[in-house]
Amino acid sequence: MRRALLLALFSLVLIPPASANSSISLTEPTHRTATGIFIDNELANLIKPNGRLGKLVLGQGQIRSATIDISLIEEIQDMADGYQYFNPDQSLTTVDVLPFASNWLNTLKRKSKNREILLLPYGNPDIKFLQANAPNELEFYRTIAQERAGAFFGRTITSISPINSVRSSDAAQSLHNSYQREVRALASISIANEVISLRLQLAKIINPAISDSRLPILTKGLRAELRENQKKLRIVAGNYTITAERYDLPVTVINDFTAPVSINLQTRTSNSRMRVGAVEPLVLAANSQTQIQIPIEVIASGETRLEVKLTNNRGSQVGELENIELRLAVISPLTTWFTTGMAIILLLAAAVQSVRRVKRRKHE
């Protein structure tokens, strides 16, 4: 009996507590809008030593393995450098730095060194929904998660794709679908970081754990950021009076994105007073202004309007549309020939009349 008791006590000494060498899951629905402002200060409380995420990292011994949504890590990094958040009355509070956020991040790195890190797709989105509706985006979220986790931990990280047992809400899915087309159009012409951020925000919205109460403020931020990005690609032109039959109309295309853009230019006239030639596909340098010329041929004088828009290879509009007012003051060749012909006929008629008068006088 004594021997059995000693063996039992010896076993308890050898077996470390679960908290000393455990597997943890670091996930949390987004607290940050597309504009970078946090919807509340709840995440700061969660990473404190007595918070849920704080206990998982700060209160543990060595971490055996961790399943991580890297978007959570990025939001905590953002808080460490200073951030803004909305108060319940929608006023803003600014936090210059958050030292315990840096401590949380450094502790996670130290405790997970040489340990197994398993990654969720960026934002921990609804996997089944994406598999059915946007499989390419799901692969993009996985790739981004691997790249950014590798940068944070300083080593290659493997990825997992668990099937969420809980689906995202109908409201979240509807919100995702309503903005996906516009975001996808921008993504098709540029790999700028601003566009990538919009794509990643859509992943966060369909996280099954996100509550519908957060969706309105997230929607507002997404809409604002999408409009700002659409304005970065635009056409600038003035009002013109055209007096030549053939004319190269100058317009300026501005690309304020931080990466090059491949784009097409399409035109449409408000009436048949002129014909418009084709413009070759454009490659616009990052943060550039490029002047191009649109060939036009005037058919008849008068007022007209030229609609100019930028599209991707599929014909979807990107950026802002521009309407150019034109005044056409050109005499067409047909009109010129007719007028000249009539003048010649009148001159000949006058000459014939003069000859007849001279002959009549001689006979008299």
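The values are calculated or read from the model by the stated rules, or taken from the named source; none is laboratory data. What you see is a predicted model, and the numbers here were worked out from it, not measured in a lab. Using ideal geometry, Cβ is built from the backbone for each residue, glycine included, and neighbour counts are taken over all protein chains shown.
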If Ala259 passes every condition in (1) touching an Asp or Glu at 6+ places or on another chain (Cβ under 9 Å); (2) hydrophobic (A, V, I, L, M, F, W, C); (3) farther than 30 Å from Ala187 by Cβ; (4) surrounded by fewer than 18 Cβ atoms within 10 Å (Cβ to Cβ) but one, which one does it miss? (3)
Anything in segment 82-97 that is of a type in the set (A, V, I, L, M, F, W, C) and at pLDDT below 95? List them, or say none. Val97
Suppose the filter is surrounded by 12 or more Cβ atoms within 10 Å (Cβ to Cβ), modelled with pLDDT under 95 and in contact with a Pro (Cβ under 8 Å, 6 or more places away or on another chain); does Leu118 pass it? no
Tell me which residues, restricted to segment 200-213, are surrounded by fewer than 19 Cβ atoms within 10 Å (Cβ to Cβ) and either among the charged types (D, E, K, R) or assigned to a helix (DSSP H, G or I) (or both). Asp212, Ser213
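Between Leu138, Leu98, Leu92, Leu105, which is touching a residue at least 12 places away in the same chain (Cβ under 8 Å) and touching a Pro at 6+ places or on another chain (Cβ under 9 Å)?
On the way: Leu98 fails: touching a Pro at 6+ places or on another chain (Cβ under 9 Å); Leu92 fails: touching a Pro at 6+ places or on another chain (Cβ under 9 Å); Leu105 fails: touching a Pro at 6+ places or on another chain (Cβ under 9 Å).
The unique qualifying residue is Leu138.
Only one of Asn124, Asn136 is among the polar types (S, T, N, Q), part of a helix (DSSP H, G or I) and either within 22 Å of the chain's Cα centre (by Cα) or outside the structural domain of Ile205 (by TED's automatic domain parsing) (or both); which? Walk me through how you get there before you give the answer.
Values: Asn124 fails: part of a helix (DSSP H, G or I).
Exactly one of Asn124, Asn136 is among the polar types (S, T, N, Q), part of a helix (DSSP H, G or I) and either within 22 Å of the chain's Cα centre (by Cα) or outside the structural domain of Ile205 (by TED's automatic domain parsing) (or both), namely Asn136.
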